[in-house]
C-alpha cells in the first residue's frame, strides 16, 4: 500500500507538471508544440452537456477528434480563415484537483478540474468550467496524452456559445 | 414599429431589408404574436418518446412545454404550468414519469395531463372540478412523419396544409431509412448566438457565404482528398445548386452533392474501409426506391427551412435545428442529429463523425457561421445610418431559376415574414 501510494504521489506531481505545461501551450497558441504532447492514437472528446458519460460512436458529441482530426483542427486554427478564432481568443487555464484514479500498465488515468477564462474583443468574458478525465501514457522518458474527455459542468453550452478553441 | 421593413421592386430588380427589423424590441414583440403564436412551431420528434410516460421538457415559442407520451401511447405537448399557482410541474430535462408532481403544493398529474391528486381537496367547494383542471395541452399538436409541431392558434390550417411543398423535402430525408423511421440520436447541442434569429434562417440556406466563411472547412475537405473543382464554369462552389420556394414561407436549397453523404455517397474522409458499406447502403436505396429516386436521396444535399424557425440540414449528415429569439440580438439554438432508426452501430458512428466535420459548436464550420452572424449583429448597431441590407442577389434571373448562391430563397422568407407582420413589400 505504501509503495503504491508513493508511486501515485510521484506520478501526480509529474502529471500536474505535464498538465500545467499543456495548458500553457494552449494559452500561448503554440499548437504544433502542443500536438507533440499527444500520442498518435489519441482521442479528444467533449461529450454533450446532457450525456457526459456517453460513447461518441452512438451519441452526438460536441467534439470527438482522433489524432488526424486534431492535426486538421490545428491547421484550421492557424488559418486566419477560422473566423471564430481570428484573432485568437485570449485564454487562461486553471487546472486543479489533479488525482491519479488508476494505473494500468503504462497508462495512468488522471482526473482534474479546470476553469478556462476566455476573452475576445467586443465580447463577453466566458468561463468554461468542468472536469477532465485523462489517459496518459509513458512514452520515451516522459508522459503523453492518450485521451482527454472534457466534461462541461453547465446544463447546456448556452451563453458559452461555441467551442471554437481547444478546451 | 414603423416599416415597411421589406421593399421590393421587380422592375428595378431591387429587394432591401430595413435593418431595424433585426434590432428592434418592438419588432420582436410583434413577431412573438404575429409569427410564433400563429405558425406551426417544431416541438420534437416522436422517436424521442419511446415508451408511455417518456417525457422531454423544452421551451416552445417562449412557453414551457412537456413533450410526452401518454399512458395509451399518444404523443402530447402539455403546457408545463400547474393549474393551481402556475409552477413548473416537471423540472427535469427528460425521463419516464408515472406522474408529474408540482413541488409547490403537491398537485399531481398523469402523463396525459389529467389532474390526479390535490392534497386536502375536501377544502374546496362544489365548483372545484378536478376533471377540468388538467394540464393544458398546446392548442394544436400535429405531426408529419414523426416531426411534431405545435400551434398556438386554434384556427390555423392543418399542419399538412401548412407544410405545403416542404413535405416532399421531409420525405427525401425520411427515405434514407429502409423502414421509413428516422430517429433523433442521443446528445443535444444547445447554444446561444448573439444575433437576431432571422439571421440564422438566412445563414442556414445562404450558400453564397460558403467560400468565404468556410475556407478552413473547404481546406480540410481538400486536404482529405475531396474533389472541390467546380464542375461547371462560373460556379462559386464545386457543384450546382438551386434555391427553392416551397410555399408558405418555407424554402430549401437543392444541391448536387460534393461533400459526401452517409446515405450514400462515399468521400475519402469516411476511409477506404467504409467504401463497401456505403455501396451496400446505396444498393438498398436503389432496390427500394428505384435508381432515380435513390439518386435524388443520395446525391443531393438540401438545407430546408420550415417557416419560421426549423432547419433540417441534410448535408454532411442530417441535423435538425430549431432556434428561438430571447432578445432582438440573441437566440437560443437547439440542434440534434437524425439518422435511420435501424442504422448499424458502424453506420451511426460514421454519421456522427461526418456531422462533427461541419456542424455544431465544436465543428469545423458552424463556429464560423456564428462568428459571421455575431459580426453582422455588431455592425447593425449602425442601423440608423446604414439602414438597408441588400437582398437582391439573383434578381437578374427569373425567381424560379435561382441558384443556391443567389438570394431568391431568402426573399421567400422575407416576403412571408413581412406578410405575417402585416406589411406587404
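The values are calculated or read from the model by the stated rules, or taken from the named source; none is laboratory data. Every value quoted in this text rests on a predicted model; they were computed, and no experiment measured them. Reconstructed Cβ throughout: ideal geometry from the backbone, glycine too, with neighbour counts over all protein chains shown.
When residue B:405 is tested against (1) in contact with a helix residue (DSSP H, G or I) (Cβ under 6 Å, 6 or more places away or on another chain); (2) surrounded by fewer than 23 Cβ atoms within 10 Å (Cβ to Cβ); (3) part of a helix (DSSP H, G or I), only condition (3) is not met. If you check residue A:92 against the conditions, is it in contact (Cβ under 8 Å) with a residue 60 or more places away in the chain and surrounded by fewer than 19 Cβ atoms within 10 Å (Cβ to Cβ)? Here the answer is yes, as residue A:92 does meet what is asked. Residues satisfying the criterion are absent from region B:363-383 (criterion: in contact with a strand residue (DSSP E or B) (Cβ under 6 Å, 6 or more places away or on another chain), in the same structural domain as residue B:266 (by TED's automatic domain parsing) and assigned to a loop (DSSP other than H, G, I, E, B)).
Looking for something within 14 Å of chain B (Cβ to nearest Cβ), surrounded by fewer than 20 Cβ atoms within 10 Å (Cβ to Cβ), without any contact (Cβ under 8 Å) to a residue 12 or more places away in the chain and in a strand (DSSP E or B) - is there at least one such residue anywhere in region A:137-152? Taking every residue of region A:137-152 in turn, none turns out to be within 14 Å of chain B (Cβ to nearest Cβ), surrounded by fewer than 20 Cβ atoms within 10 Å (Cβ to Cβ), without any contact (Cβ under 8 Å) to a residue 12 or more places away in the chain and in a strand (DSSP E or B). Checked against the criteria, residue B:73 does not count as farther than 30 Å from residue B:388 by Cα and either within 18 Å of the chain's Cα centre (by Cα) or part of a strand (DSSP E or B) (or both). Of the residues that sit in region B:352-362 and are touching a residue at least 24 places away in the same chain (Cβ under 8 Å) and not in a helix (DSSP H, G or I), which one is nearest to the other protein chains (Cβ to nearest Cβ)? Filtering region B:352-362 for residues that are touching a residue at least 24 places away in the same chain (Cβ under 8 Å) and not in a helix (DSSP H, G or I), the one nearest to the other protein chains (Cβ to nearest Cβ) comes out as B:361. Selection of region B:39-51 for residues being farther than 15 Å from residue B:250 by Cα and touching a residue at least 24 places away in the same chain (Cβ under 8 Å) yields B:43, B:44, B:45, B:46, B:47, B:48, B:49, B:51. Number of residues in region A:104-134 that are part of a strand (DSSP E or B) and farther than 14 Å from residue A:14 by Cα equals 16.
Within region B:326-339, can one find any residue that is more than 9 Å from chain A (Cβ to nearest Cβ) and within 25 Å of residue B:223 (Cβ to Cβ)? No: region B:326-339 contains no residue that is more than 9 Å from chain A (Cβ to nearest Cβ) and within 25 Å of residue B:223 (Cβ to Cβ).
Go through region B:146-181 and give me each residue that's part of a loop (DSSP other than H, G, I, E, B) and under 15 Å from the mean Cα position of the chain (by Cα). Of everything in region B:146-181, just one residue is part of a loop (DSSP other than H, G, I, E, B) and under 15 Å from the mean Cα position of the chain (by Cα), namely B:146.
To keep it simple, each residue is scored yes or no on (1) in a strand (DSSP E or B); (2) touching a strand residue (DSSP E or B) at 6+ places or on another chain (Cβ under 7 Å); (3) within 16 Å of residue B:252 (Cβ to Cβ).
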{"site": "B:277", "(1), (2), (3)": "no, no, no"}
{"site": "B:285", "(1), (2), (3)": "no, no, no"}
{"site": "B:288", "(1), (2), (3)": "no, no, no"}
{"site": "B:295", "(1), (2), (3)": "no, no, no"}
{"site": "B:308", "(1), (2), (3)": "no, no, yes"}
{"site": "B:313", "(1), (2), (3)": "yes, yes, yes"}
{"site": "B:320", "(1), (2), (3)": "yes, yes, yes"}
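Among the residues of region B:194-211, just one is surrounded by 24 or more Cβ atoms within 10 Å (Cβ to Cβ) and within 13 Å of chain A (Cβ to nearest Cβ), namely B:195. The residue that is surrounded by the most Cβ atoms within 10 Å (Cβ to Cβ), counting only those in region B:212-228 that are within 11 Å of chain A (Cβ to nearest Cβ) and not in a helix (DSSP H, G or I), is B:214. Of all the numbered requirements in (1) free of Cβ contacts under 8 Å to residues at least 24 places away in the same chain; (2) within 26 Å of residue B:370 (Cβ to Cβ), residue B:211 misses one, and that requirement is (1).
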